[in-house]
Amino acid sequence: MSSVNDGMKEGRQLQRPPEYPVPMAAVQPQGEINIRDYLYVLYRRRWLALTFFTLVVFTVLLVVFLKKPVYRATATLKVEQETSPVLNFKDVYQTQKDDFNFLKTQYRILKSRSVAKRAVRSLRLDGDPEFAGAFSRESADAGSQTGGMPVPGTGKIELSGGLGGDIKPSVIDNFLKRLTVTPVRDSWIVLVSFDDKNPARAAQAVNEIARQYIGFNIESKLNASQVTRDWLENHLDDMKAKLERSEEALNKYAAQNGILLASAGDQDKNNPNGSGGQDLETSRLVQISDQLVKATADRINKEALYYQVRHGGPVGSEVGNNRLLQTLEEQYSALEAQYARLAALYTPKYPEVVQTKEQMDQLSKRIGQETDKAVAALRTDYEAARQREDDLAQTYEQYKQQALNLNNKMVQYNILKREADTNQQLYNGLLQRMKEIGVSASLNASNIQVLDQAEVPRKPFAPKKARDILVSVLVGLLGGVGLAFGVDYIDNTLKNPEDIENSISLPCLGLVPAIETVPAGKRLLAWSEEEHAPILLEAYSAINTFIQFSSGSQAPKLMMVTSPLKGDGKTMTSVNLAATMARTRGRGLIVDSDLRNPQLHKIFDVDNTRGFSDYLAGMMQVEDGLVRKSGLENLDIITSGPRSPNPPDLFNSPRLADLLRKLGPEYEFILFDSPPVIGFSESLILSTSVDGVIMVVRTGRTTREAALQSRRAIESINSRVLGVVLNAIRQVDLKYSSYYHYGDYYYYSDGEKKAGRKKQKAKNAIEN
């Protein structure tokens, strides 16, 4: 029997095609842009896009038609920077010279709380319920009396109209929210606008803001001038006395320390202290320093020359200026050449040779004596240079100490002098500005002009119904489309046959439609008497047909149905597919190999006390009633049996091969309902014993990653995946409606529905 089983496996491997058939018409080239794909996404996500569009448009319409009209009044101001300001000192009132900073400052003043409070009090808006809410009119009037603000139109403006406790900050906040300051680019023009539901009050408010702003600007200058004058008068006498005291201290210190001041023409340009005594000390110190540097360099040169000659170094170059030594060296060289010539012709005892040798010896001795004299002279020069360097160094230290003492005295002198100069400058500045204040006190011209006063607006500024509705439509359309594509991009689940074939490169065996009229949790059986049964029967018949022709001339006999994850519908696919195969192919067997979560015994209503797990464990034989009747014609069943603590060990048992060998000849097909692939190893073990694996994925639930991981796991152990069954697919998930054709034939009219149910009942009665 083992050889027969090996032959069967070998035959299955030979019949396994190298590539699985894929319907090429449904596969689009990768990267090809097809407008139908985008339309398909919009069609499938149409309710999401329509919901977003409706929500946006409805919200805008609700706001636009319920909101009360708001009017905007605008005044035009000209704000120029003063080119020649009278007041020009930074300690009291500093103005910005930069145009950009100046304009920004003025815009901020226009929207300041101080100017706004002046306008609110002048217009008596602090008692208006629209601005003040529950704030009472009486408290506002009382605050106005204590604050001393005038009645509008008097022309009297006081700086004391700033923030106080008589007007609530919320009133100022409400007023500023309606105020808009818009500068005109590349100009000194600024537009001041105010929004209000009352057009007359809007014009009145913006004109009052302009008036209060101009008054605030003039009053600020006058008050600054007055404050400056008072301050100058109080501090001018004090500054004069302080200047006199600082000059007296400076002169006293110079007399005590003997510091003589030179004239301006005698001072050195590089001397910041300006004293003639320091100039003299510094000049002497610089001269001695230069002489010391030169003496040190001379001593180093003579010392190096002396030590070089003393320690056996070459002498010729050092005493090259000695003319006597040069003459003796030349004579010695001539005798040496003569001696060499004679020695080549005669013997050493030849008289002329001997005479020449004696002359050379005498001349060499003479040269040595002269060299010693030259070395002694070098030593004498070196000693003299060293002594001169020591004398200059001692003199330099003396002058250096004198200069340091003078510098120490000049530190305090310079401090006193700077203090006196500073006091003099401050006194002169105060005196000059005191005179300027007297001239400018009567000037109150403003650099701000009102070019156009605000008029009562005739048309509301907001809401702009046509614009808002158009924007809402555009935002709703673009947002809805973007949301649809965004959700579709994030959604990585399998939805249609194209996703299966393009994502995991497997053929789609068929589609099982979603029966939306059936309650959730109810079993969908193709042989039931429900009205959806013909649809399921047609779907599984198409899957059966595809499986029969998926392996060439011979249809696979041993098959396994699995899924990537739990809940994809593999059990119902196994049951309905087995029932369909039993009608067309003959006698078949379905085995519940999901030992962790068995379901077949519940569907067929049979006992599960003994079954497949008992057989694999060796506790039961085929003859002991392992195979049972399912209740359907030509279909038997093997239930799972008791749950096992370790199912992978049972599947590795050789009894699985024995079972297939015994039951194989008796059935036209054997179908295993196996556990999911991811997380369980039983399916992978079982896949090596069957002709092919049928993978079930659920539309909108099974992810591409899970399906691809399951396919790779099965193929990694040389098992064959016949294809994928797409379960619970909806018509909205299909790009081409022809895939859904088998469901349309059964829903024409109520009469045809009833006729279809009667026909199905009669057919079931005949089969049973």
- Here the relative contact order (percent) of the range 493-767, from C-alpha pairs under 8 Å and at least 6 apart, is 30
- Note on the structure: Karplus-derived 3J(HN,Hα) from phi for the range 171-176 (6.51 cos²θ - 1.76 cosθ + 1.60, θ = phi - 60°), whole Hz, x at Gly and Pro, runs 5, 5, 4, 4, 5, 5
- Percent breakdown of C-alpha pair distances by 5 Å bin, ordered from the shortest bin, for the range 493-767: 1, 6, 13, 17, 19, 17, 13, 8, 4, 2, 0, 0
- Message: Take Ser170 and Glu715, extend 7 Å from each Cα along the Cα→Cβ direction, and tell me the distance between the two endpoints in nm.
- Response: 7.1
- Between His235 and Ser283, the FRET efficiency computed from the C-beta separation at R0 = 41 Å comes out, to the nearest 0.05, as 0.40
- Query: Amide H neighbours of Ile694 under 5 Å, counting only residues 5+ apart in sequence or on other chains, H built in-plane at 1.01 Å?
  - Reply: Met560, Val561, Thr562, Leu722
- Karplus-derived 3J(HN,Hα), 6.51/-1.76/1.60, for each residue of the range 74-80, Hz, glycine and proline x: 10, 10, 10, 10, 10, 10, 9
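Fewest Cβ neighbours within 10 Å first, please rank Thr571, Thr562 accordingly.
Thr571, Thr562
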- Item | Estimated dipole of the range 559-636 in Debye, rounded to 20 [Cβ of Lys and Arg +1, of Asp and Glu -1, Cα centre] | 260
- Task: Treat the count of other C-beta atoms within 10 Å as a stand-in for reagent exposure and order Phe461, Phe65 from fewest to most.
- Result: Phe65, Phe461
- the range 493-767 - charge dipole about Cα centre, Lys and Arg +1 at Cβ, Asp and Glu -1, debye rounded to 20: 240
- Simple spin-label estimate for Ile469 and Arg661 in nanometres, 7 Å along Cα-Cβ: 8.4
- Which far-off residues, 5 or more places away or on another chain, put their amide H under 5 Å from the one on Ser681, with H placed in the peptide plane? none
- Query: What spacing in nm lies between the two simple spin-label points modelled at Thr347 and Gln449, each 7 Å away from Cα in the Cβ direction?
  - Reply: 13.4
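Bear in mind that the values in this text are calculations on the coordinates, not laboratory data. Keep in mind it's a predicted model, so treat the numbers as computed, not measured. Quick reminder, even Gly has a Cβ in these numbers, built from the backbone with ideal geometry, and neighbours come from all protein chains shown.
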